[in-house]
1. Can you tell me which aspartates and glutamates have their Cα less than 19 Å from the Cα of LYS38? Leave out same-chain residues fewer than eight positions away.
2. Highest GNM mean-square fluctuation, the chain, Cα pairs closer than 10 Å: which of CYS85, CYS93, CYS28?
3. Could you look at the chain and say what percent of its accessible area is carbon and sulfur, using a 1.4 Å probe and all protein chains?
4. Hey, can you find the accessible area per residue of region 1-121 for me, probe 1.4 Å, expressed in square angstrom?
5. For a quick check of your reading of the filter: which GluC sites (Glu not before Pro) in region 2-63 sit in a DSSP loop and have no more than 15 other Cβ atoms within 10 Å?
6. Using a Gaussian network model of the chain whose springs link C-alpha atoms within less than 10 Å, name the residue from ARG26, ARG110, ARG79 with the highest mean-square fluctuation.
7. Starting from the Cα-Cα distance between ASP39 and PHE59, subtract it from 0.36 nm times their residue separation and give me the gain in nm to one decimal.
8. Counting only chymotrypsin sites (Phe, Trp or Tyr not before Pro) that sit in a DSSP loop (anything but H, G, I, E, B) with at most 16 other Cβ atoms within 10 Å, what is the longest stretch of the chain containing none of them?
Amino acid sequence: PEGHPNRISELSEEEVKNMSESEKSRCCTHEGITYVCKDDDYKKEMDYLKEKVDAGADFIITQMFFDAEVFKTFVEDCRTWGINCPVVPGLMCINAYPGFKKMTKFCKTRVPKALEEKMDSMK
């Protein structure tokens, strides 16, 4: 829901200060680096998704996520784009701390603060 990992950009400190509200809602920080699917790239992603649904896709499966608000916003954005098929949430079972950290960093996944703190306490 945050955007395809290939469309997520590493931001400079100046870019972080100038993020739009929608970018702030999609950004994540890993090891002190902020990442976001910029608004222009997010629009391209949504336009492409709409093309796939119009070409016959019956449903959408998202990338993994841990922030329900990001998923909710993504589904609302789908509806705004005229994408009305079912949106299936992509989930990842958390089996161990190292795997959780590796995958969330690799996919540049937003992790809610409470979950991050809980996982850090279980290192």
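The values are calculated or read from the model by the stated rules, or taken from the named source; none is laboratory data. Please read all numbers here as calculations on a predicted model, not as lab measurements. No Cβ is skipped: glycine too gets one built from the backbone with ideal geometry, and neighbour counts run over all protein chains shown. The accessibility values were calculated without ligands, DNA or RNA, using every heavy atom of the protein model including side chains. Shrake-Rupley method; radii C 1.70, N 1.55, O 1.52, S 1.80 Å.
1. LYS38 reaches GLU2, GLU10, GLU13, GLU14, GLU15, GLU21, GLU23, ASP47, ASP67, GLU69, GLU76, ASP77.
2. CYS93
3. Numbers: 4060 of 7680 Å².
Carbon and sulfur: 53 percent of the exposed surface of the chain.
4. Details: 7400 Å² over 121 residues.
That works out to 61 Å² per residue.
5. Numbers: sites: GLU2, GLU10, GLU13, GLU14, GLU15, GLU21, GLU23, GLU31, GLU45, GLU51; in loops: GLU2, GLU31.
Those satisfying the criteria are GLU31.
6. In the Gaussian network model the winner is ARG79.
7. On the way: separation 20, 0.36 × 20 = 7.20 nm, distance 2.37 nm.
Working it through step by step, the gained length comes to 4.8 nm.
8. Details: sites that count: PHE59, TRP81.
No qualifying site falls inside 1-58, the longest such stretch.
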